[in-house]
Amino acid sequence: MNRSTLLAWQVGVAVALLAIWHVGSSVPIFGFYFMPKFFFSTPADVLGRVWKMFVTGVVWRHLWITLTETALAFVIGSVAGAGIGFWFARKPKLAAIFDPFLKAANSLPRVVLAPIFMLWFGLGVWSKVALGVTLVFFIVFFNVYQGLRETSPVVLANARMLGMNDRQLMRHVYWPSTLTWVFSSLHASVGFALVGAVVGEYLGAAAGLGYLIHEAEGVFDVTGVFAGMIVLALFVIAIDWAVTSIENRLLVWRPQPHQQS
Amino acid sequence: MPQTNATPDPAVSLERVTVAFGAGAARYVAVADADLAVGTSEFVAIVGPTGCGKSTLLNVVAGLLKPAGGSARVQGAEVSGVMAPCGYLFQQDALMPWKTARDNVAVALEPKGVARAEALARAQGWLAKVGLALFGDRYPHQLSGGQRKRVALAQMLIRDPQILLMDEPFGPLDAQTRALMGDLLLDLWSADRKAVLFVTHDLEEAIALADRVVVMSAGPAARIVAEHAIDLPRPREINEIRLDPKFHTIQRAIWNDLREEVLKTYQAQAGGAA
Ligand SMILES: Nc1ncnc2c1ncn2[C@@H]1O[C@H](COP(=O)(O)OP(=O)(O)O)[C@@H](O)[C@H]1O
Ligand SMILES: [Mg+2]
């Protein structure tokens, strides 16, 4: 299948789904709507609402808040995860001591922490960031820890034979391989930073995409819920695209730049 | 290298070197009482069955592995830590995969304190010497196995080490590439004859390259069981020298030793186990 046929099929599927939705919600069949408006809204209404959100500009503030939370959670979680992963990989005894605690913490469904974070950090941005950090941290931590322990001993021995001291080994061997493992978890960690932000907003906030969707649900505004979901989906696609292009640039030396852990 | 006495120290000397892995019941003595000396501009090849302890012996000389007994000296000094006079070409791929070929070669000069611009220029020169002038911007995964070995060779040689340790460097390459790499190595080596300790499981390769071939017995407790001087004329060309009748005589002599000693070791093992 070449690209244009593929695209044609994809557009076709989208049109068909929209058509079913439209017919189900706006055309009575034997006097009966099999997708009642109250529960499903209509595609025209939803797209209209999305349009309005952007035109009136209400959405920008929420997007900005969600983006800020995602970015903060990603950066803080990655730096902490990479730092501690790196440290533990070089200190096996420390890793052995903390191993059960990390596993236990990681097995905890993070959503249960959201109310506590709200108590600690308030309803603003930071409680969402905290939730995102607990998700991102573990992904990056385990990736870096595992990755570094598997750093080729031959590459290391070779670098030592070249006469490198500890600082040079750090710069030319440990640091690049740490970065590699951080980047290889980039998609997953950005995705989880976003999940943390949106779920946090959903559970209690005054702004953000999760808050928008939650508000609409509260008043049974199905059009608003779908519109919020579409904006969220567009937002995720945009972020994913940005991550992919960053990744392609940073991991040029890799055989498969899209390889995921 | 300051010399304190009249007779220069050999580049490498091993005396009754014993190497063991593990402890207690799991203790495995890989090499026992190995004796070997390599002169300052001598090319010595080590042959022996797979798993006998050839890499282990090189690691001892390089300072990557501490022997359980005996003494290992490099240029007269007891081996301790990574030995600066040694360059090591590993059996496996050892290039940094996140650096281009040129950066991989240039980085070898950083520990010597060479400025980066100069290091890059010299790296380019070495890439040209190994026939990869146009491949400097490639990453290791974009090079063939043979090309990666050439980069590794350049990386080792750019530091100008006095002793070259090579562990089956051309092992995974096809026959033609091996011969080409062998010729390249001899060419580079003949310019300033460093001491070479070259491990291979390929007897023909050992004879074609070396001044002396030493034979290791099969493990455990492998040792050096025979030495043969290779008095073939230099300069040599791998594919030519193979046709020399003398080559075959030498090959037969070494093979006799290799086979006989391996058999002896095997019988000793069987006897010990019974
Ligand atoms: N780190 C290690 N731990 C335990 N055994 C080892 C280790 N490295 C090598 N050996 C054993 O020592 C023997 C010699 O290994 P090696 O020197 O790699 O052989 P080769 O002659 O093929 O290079 C082998 O039997 C191998 O199993
Ligand atoms: Mg080996």
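The values are calculated or read from the model by the stated rules, or taken from the named source; none is laboratory data. It should be emphasised that the depicted structure is a prediction, and the values quoted were computed from it without experimental measurement. For neighbour counting, all protein chains shown are included, and Cβ atoms are generated from backbone atoms with ideal geometry for every residue, glycine included. Side chains are part of the model used for accessible areas, which takes the heavy atoms of the whole protein and leaves out ligands, DNA and RNA. Shrake-Rupley method; radii C 1.70, N 1.55, O 1.52, S 1.80 Å.
Spin-label pair residue B:91-residue A:26: with each label point 7 Å from Cα along the Cα-Cβ axis, the two points sit 7.2 nm from one another. Per residue, the accessible area of the range A:1-40 comes to 85 Å² when a 1.4 Å probe rolls over the protein heavy atoms. Once the Cα-Cα distance is subtracted from the 0.36 nm per residue extended length, the residue A:242 to residue A:116 segment shows a gain of 42.1 nm.
Rounded to the nearest 100, the interface formed by chains A and B buries 2100 square angstrom of accessible surface, both chains summed, with a 1.4 Å probe. With both labels modelled 7 Å from their Cα along Cα-to-Cβ, the residue B:28 to residue B:174 distance reads 3.4 nm. Scaling the Cα radius of gyration of chain A by the globular reference 2.2 N^0.38 Å produces a ratio of 1.27. Counting only alpha carbon atoms, the long axis of helix B:116-129 and the longest principal axis of chain B meet at about 60°. In plain terms, the bigger the Kirkwood radius, the slower the diffusion; for the protein assembly as shown, with that radius from Cα pairs, at 25 °C and 0.890 mPa s, Stokes-Einstein puts D at 87 µm²/s.
Selection among B:161, B:133, B:207 by position relative to the dipole of chain B gives B:133 as farthest towards the positive end (Cβ unit charges, Cα centre).
The angle between the Cα long axis of helix A:43-56 and the longest principal axis of the Cα atoms of chain A comes to about 70 degrees, rounded to the nearest 10.
Accessible-area loss of 40 Å² or more (1.4 Å probe, protein heavy atoms, chain alone versus all protein chains) is found in the range B:79-125 for B:82, B:90, B:94, B:96, B:98, B:110, B:111.
Given 25 °C and 0.890 mPa s, compute D for chain B with the Stokes-Einstein relation, Rh being the Kirkwood radius over Cα pairs; round to the nearest whole µm²/s.
125
For the pair residue A:96 and residue A:54, the difference between a 0.36 nm per residue extended length and the Cα-Cα distance amounts to 10.0 nm. Between the beta carbons of residue A:19 and residue A:68, assuming R0 = 35 Å, the FRET efficiency works out to 0.40 to the nearest 0.05. Counting Lys and Arg as +1 and Asp and Glu as -1 over every other residue whose Cβ lies under 15 Å from the Cβ of residue A:136, the net charge comes to +1.
Using a simple spin-label model with pseudo-atoms 7 Å out from Cα toward Cβ, residue B:243 and residue B:141 lie 4.3 nm apart.
For the range B:97-160, state the average projected area of the convex hull of the C-alpha atoms over all orientations, rounded to one decimal in nm².
Taking the Cα atoms of the range B:97-160, their convex hull projects to 3.7 nm² on average.
Which part of the range A:126-165 falls in the paramagnetic zone of residue A:107, meaning amide N under 16 Å from the point 7 Å along Cα-to-beta-carbon? Under cut-off, by backbone N: nothing. Only helices enter this figure: runs of n ≥ 4 DSSP H residues, each worth -39500 (n - 2.57), summed and divided by the residues of the protein assembly as shown, yield -18500 deg cm²/dmol at 222 nm to the nearest 500.
Compute the accessible area per residue over the range A:133-200, keeping the other protein chains in place, probe 1.4 Å, unit Å². Write out the running numbers ahead of the final one.
Details: 2460 Å² over 68 residues.
With all protein chains present, the range A:133-200 gives 36 Å² per residue.
Build a GNM of chain A with springs between Cα atoms under 10 Å apart, and of A:55, A:154, A:182 the one that fluctuates most is A:154.
Taking other residues whose beta carbon is less than 15 angstrom from the beta carbon of residue B:138, and scoring Lys, Arg as +1 and Asp, Glu as -1, yields +3. Per residue, the accessible area of the range B:97-160 comes to 41 Å² when a 1.4 Å probe rolls over the protein heavy atoms.
Give the carbon-plus-sulfur fraction of the accessible surface of chain B in %, rounded to a whole number; probe 1.4 Å, heavy atoms of protein chains only. Accessible surface attributable to carbon and sulfur in chain B totals 53 percent. Of the residues B:182, B:171, B:24, the one that moves most in a GNM of chain B with alpha-carbon contacts below 10 Å is B:24. What's the long-distance tail for the range A:1-40, i.e. % of Cα pairs beyond 14 Å? For the range A:1-40, the share of Cα pairs beyond 14 Å comes to 56 percent. Within the range A:129-163, the residues that become at least 40 Å² less accessible when every protein chain is included than when their own chain is isolated (1.4 Å probe; DNA, RNA and ligands ignored) are A:154, A:155, A:158, A:160, A:161, A:162.
If you average over every viewing direction, what projected area does the convex hull of the Cα atoms of the range B:1-98 give, in nm²?
Averaged projected hull area, Cα only: 8.4 nm².
Considering only lysines 8 or more places apart in sequence, or on different chains, count the pairs in chain A whose C-alpha atoms sit under 30 Å apart. Step by step, the pairs that qualify in chain A add up to 5. For chain B, the antiparallel share of DSSP beta bridges with both residues in that region comes to about 50%. Here the dipole of the protein assembly as shown is about 820 debye; that uses its Cα centre as origin and unit charges on the Cβ of Lys and Arg (positive) and Asp and Glu (negative). With chain A treated as a Gaussian network of Cα nodes joined by springs under 10 Å, which of A:94, A:162, A:250 yields the largest mean-square fluctuation? Top of the fluctuation ranking is A:162.
Here the accessible area of the range A:1-40 is 78 percent carbon and sulfur, with a 1.4 angstrom probe and all protein chains present. The string of couplings for the range B:73-79 from the Karplus curve (6.51, -1.76, 1.60, θ = phi - 60°) is 10, 10, 6, x, 9, 4, 5 Hz, one whole number per residue in order, with x for Gly and Pro. For chain A, the relative contact order comes to 23 percent (Cα pairs under 8 Å, sequence separation of at least 6). Taking the accessible area of the range A:41-250, probe 1.4 Å, and keeping the other protein chains in place, the carbon and sulfur fraction comes to 74%.
Answer with one residue from B:226, B:100, B:20: the one whose Cα lies farthest towards the positive end of the charge dipole of chain B, charges on Cβ with Lys, Arg +1 and Asp, Glu -1. Toward the positive end, the furthest listed residue is B:100. Taking the Cα atoms only, what angle lies between the long axis of helix A:186-203 and the longest principal axis of chain A, rounded to 10 degrees? Result, in degrees: 50. Taken about its Cα centre, the range A:41-250 carries a charge dipole of roughly 860 debye when the Cβ of each Lys and Arg holds +1 and the Cβ of each Asp and Glu holds -1. Within a straight-line Cα-Cα reach of under 26 Å, residue B:194 can be paired with the following lysines, leaving aside sequence neighbours fewer than 8 residues apart in one chain: B:54, B:66, B:112, B:129, B:149, B:246.
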